[in-house]
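Okay, structure first, notes after.
The values are calculated or read from the model by the stated rules, or taken from the named source; none is laboratory data. Because the structure is predicted, anything quoted here is derived from the model rather than measured. Heads up, the Cβs are rebuilt from the backbone with ideal geometry, glycines too, and the neighbour counts pull from every protein chain shown. Just so you know, the surface numbers come from the protein's heavy atoms only, side chains and all, with ligands and any DNA or RNA stripped out. Shrake-Rupley method; radii C 1.70, N 1.55, O 1.52, S 1.80 Å.
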Amino acid sequence: SKLAALFEHPLYNIPIPKVTEKDKLFVVNPMEKFSLRSSGSDEWVSSSKAETLLPTGKTAYDTYPAWLKFHVGINRYELYPRQDPLMPTLLRDLATKRIVSSVQKSGGTQLKLIMTFPNYGQALFKPMKQTRDQETPIDAFYFSDFERHNAEIAAFHLDRILDFRRIPPVSGRLVNITKEIRDITTDKKLAKTFFISPAGNVCFYGECSYYCSTEHALCGKPDHLEGSMAALLPDKTLAKRRSWRSPWRRSYHKSKKAEWELNPNYCTQVRETPPYDRGHRLLDLIDMTVLDFLMGNMDRHHYETFEKFGNDTFLLHLDNGRGFGTHSRDEPSILAPLQQCCSIKKSTYLRLQLLATQPYRLSDLLQEALAADPLAPILAKPHLQALDRRLGKVLVVVGRCLAG
């Protein structure tokens with residue numbers, strides 16, 4: 001296994017700093033009693049309303065469901081550990097656990113569902129919108145592109161191979177629209193959007209600001225539909241998150257350009273602006289830039305951090321559904337932060353160099369990682385080949401910075 005060999009490599013065994021109690025997202029107090037919220041939202045609340053506690057009651061850690069162990073394990077330095085023995089269980093739960101509730105997630109431009117399991121774990125379901133080999137039309141704007149379920153799955157594994165580990169675990173799943181959505185939903189608005197198509201397939205379209213209409217309905221075959229299931233992060237009432245606008249955000253306008261597209265010295269002013277003026281925030285953002293360029297994601301307008309850790313923590317790489325839309329062309333503007341700042345973490349650069357060598361070729365590693373997913377194959381071959389080409393381009397940019 002190339003993947004096993006990669007994770008054995010010294011570059012993937014650089015220790016993280018010692019994790020103290022204050023570096024953990026949650027402090028587990030075994031004496032605390034917990035109960036379920038009566039609102040029917042399946043969220044846990046503490047009897048003392050203490051935000052930093054989790055619903056562990058008096059049970060031993062070994063008895064926690066996988067999603068709860070995942071939440072307990074989050075710390076200042078990583079969303080989950082490199083050699084995480086929990087990961088196979090968590091991914092299997094996302095793919096196979098019985099779904100007891102499906103409701104539409106509010107907000108966002110496209111249809112997403114929150115699915116709940118009997119052990120109170122929850123996942124974000126993004127349904128399949130297009131086939132693996134459909135490319136985003138060349139004249140389509142990035143902000144009107146479909147979100148792709150397979151991009152969410154591939155992004156999780158790519159992020160892990162790059163050793164960022166900032167995307168929550170995602171698994172593919174074949175869902176029965178009738179039994180696992182329509183028959184069990186308590187969401188009245190969603191329930192009203194189900195219909196049977198002329199071909200006899202079960203369809204629905206939900207309510208959202210784009211693509212929620214009979215023309216964009218999601219239809220099963222006759223009621224089976226692929227989708228991505230992403231483990232949800234801890235509820236914001238338990239672990240507040242801060243949303244940051246990316247300094248290299250696009251204009252989201254058909255003809256206007258953003259300042260960074262017009263000013264070649266833009267990075268100078270970013271470096272003088274908190275939180276980019278100290279610590280490793282700018283370098284973390286450049287890590288995210290590399291991830292986005294490799295998968296062709298132009299839609300990174302915001303990112304999030306856990307509020308508890310202040311500015312000295314990793315960025316969460318959420319919402320990756322607009323990645324892997326094209327393989328025949330690359331989007332050099334995604335690399336603007338790297339090109340304009342000419343900065344990258346040494347550890348990231350060394351890993352990228354490693355992933356460009358034959359024994360650890362990035363496309364091979366991602367193909368191996370994705371082969372274990374229930375919906376495999378996740379990416380069409382040209383997308384995997386594009387990764388190696390794009391990795392070469394990242395290394396050229398860094399090489400120019402080093403030479404300059």
Inspect region 222-229 for any residue being touching a residue at least 40 places away in the same chain (Cβ under 8 Å), under 27 Å from the mean Cα position of the chain (by Cα) and closer than 30 Å to V27 by Cβ and give the result as yes or no.
yes
Looking only at region 275-317, and only at residues there that are in contact (Cβ under 8 Å) with a residue 40 or more places away in the chain and among the basic types (K, R), the one that is nearest to A258 (Cα to Cα):
R300
For region 318-362, give me each residue that is of a type in the set (S, T, Y), within 25 Å of C401 (Cβ to Cβ) and touching a residue at least 24 places away in the same chain (Cβ under 8 Å).
S333, S343, S347, T348, Y349, Y360
Only one of D139, D42, D62 is at pLDDT below 90 and assigned to a helix (DSSP H, G or I), namely D62
So which residues in region 236-249 are surrounded by 16 or more Cβ atoms within 10 Å (Cβ to Cβ) and more than 20 Å from R300 (Cα to Cα), if there are any at all?
L238, A239
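Residues of region 98-136 being outside any loop (DSSP other than H, G, I, E, B) and of a type in the set (G, A, S), which ones? I'd like the intermediate steps shown before the answer.
Applying the first criterion (outside any loop (DSSP other than H, G, I, E, B)) to region 98-136 yields 101-104, 113-116, 122-127.
Those that are outside any loop (DSSP other than H, G, I, E, B) and of a type in the set (G, A, S): S101, S102, A123.
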What is the one condition in (1) open to solvent by 50 Å² or more (accessible area, probe 1.4 Å); (2) in contact with a strand residue (DSSP E or B) (Cβ under 8 Å, 6 or more places away or on another chain); (3) farther than 21 Å from T116 by Cβ that S197 does not satisfy?
(1)
Check region 241-260 and report whether any residue there is under 18 Å from the mean Cα position of the chain (by Cα) and among the small types (G, A, S).
yes
Among the helices (runs of 4 or more DSSP H) lying completely within region 157-273, list those that include at least 2 residues that are touching a helix residue (DSSP H, G or I) at 6+ places or on another chain (Cβ under 7 Å).
259-262, 266-271
